[in-house]
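The values are calculated or read from the model by the stated rules, or taken from the named source; none is laboratory data. Small disclaimer: the values here were computed from a predicted structure and weren't measured. Every residue, glycine as well, gets a Cβ built from its backbone with ideal geometry; the counts of neighbours run over all protein chains shown.
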Amino acid sequence: MRFLCLFLLVASSVFAKEDKKKKVGTVIGIDLGTTYSCVGVFKNGRVEIIVNDQGNRITPSYVAFTAEGERLIGDAAKNQLTSNPENTVFNVKRLIGRMWDDFSMQQDIEYFPFKVIEKNNKPHIRLDIGAGQLKTFAPEEISAMILTKMKETAEAYLGQKVTHAVVTVPAYFNDAQRQATKDAGTIAGLHVMRIINEP
């Protein structure tokens with residue numbers, strides 16, 4: 001993972017230098033993983049993998065809602081998986097950019113404790129967001145919550161607003177999955193400068 005983040009951040013600094021016409025500020029690198037995500041920045045001549053609010057360099061790619069309506073992301077969401085599995089989302093990368101009739105996606109959803117439904121021929125996730133209120137989320141929205149967490153982690157470390165990022169995806173991702181990941185970045189308030197393959 002460290003090599004991946006190093007590659008990602010060096011690439012992001014190069015892309016930022018290439019864009020001389022407009023100021024982009026600090027470009028962060030996000031490894032949006034199926035199980036864990038991390039964020040880093042190229043600063044003072046070296047790559048810094050940024051620790052989250054729990055003191056960890058990696059953050060679980062989990063999103064959950066409590067019975068009281070609180071949204072949890074990362075470690076807190078993963079910690080409630082056993083007590084609230086139907087409202088804890090993980091492995092969302094297995095859904096993003098896929099069509100409902102995708103065979104491998106259909107196999108994956110058989111093992112998810114949360115409810116995956118069809119909407120506009122795409123998978124969506126239905127969750128109780130508190131007090132029995134059901135809400136349907138696109139996979140891009142769930143990924144955006146994780147990206148937002150990574151963005152906020154970087155902003156807390158840097159002490160400044162972050163608007164640009166480079167995000168990794170698996171090499172096997174097709175164009176629809178890459179675009180959906182980019183859309184998730186937009187929802188998170190990030191201009192995704194590049195989607196690059198995980199090495």
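What the table below lists for this structure:
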| read-out | value |
| --- | --- |
| Those strands (runs of 3 or more DSSP E) lying entirely in the stretch 35-86 with at least 2 residues within 21 Å of Gly159 (Cβ to Cβ) and more than 18 Å from the chain's Cα centre (by Cα) | 36-43, 46-49 |
| Number of the condition not met by Glu198 [criteria: (1) within 17 Å of Pro60 (Cα to Cα); (2) acidic (Asp, Glu); (3) touching a strand residue (DSSP E or B) at 6+ places or on another chain (Cβ under 6 Å)] | (1) |
| Residue ID - modelled with the highest pLDDT, chosen from residues in the stretch 82-134 that are of a type in the set (Gly, Ala, Ser) and over 21 Å from Phe173 (Cα atoms) | Ser83 |
| Residue list for the stretch 165-192, restricted to those being of a type in the set (A, V, I, L, M) and assigned to a strand (DSSP E or B) | Ala165, Val166, Val167, Val169, Val192 |
| Long-range neighbours under 8 Å by Cβ, at least six apart or interchain, first residue within 22 Å of Ile58 (Cβ to Cβ) within the stretch 73-86, second part of a helix (DSSP H, G or I) and not basic (Lys, Arg) | Ile73/Met145; Ile73/Ile146; Ile73/Thr148; Gly74/Ile146 |
| Members of the stretch 26-66 found to be touching a strand residue (DSSP E or B) at 6+ places or on another chain (Cβ under 9 Å) and surrounded by fewer than 13 Cβ atoms within 10 Å (Cβ to Cβ), listed by number | Thr35 |
| Selection status of Lys151, surrounded by 16 or more Cβ atoms within 10 Å (Cβ to Cβ), under 26 Å from Thr59 (Cα atoms), touching a residue at least 12 places away in the same chain (Cβ under 8 Å) and of a type in the set (D, E, K, R) | yes |
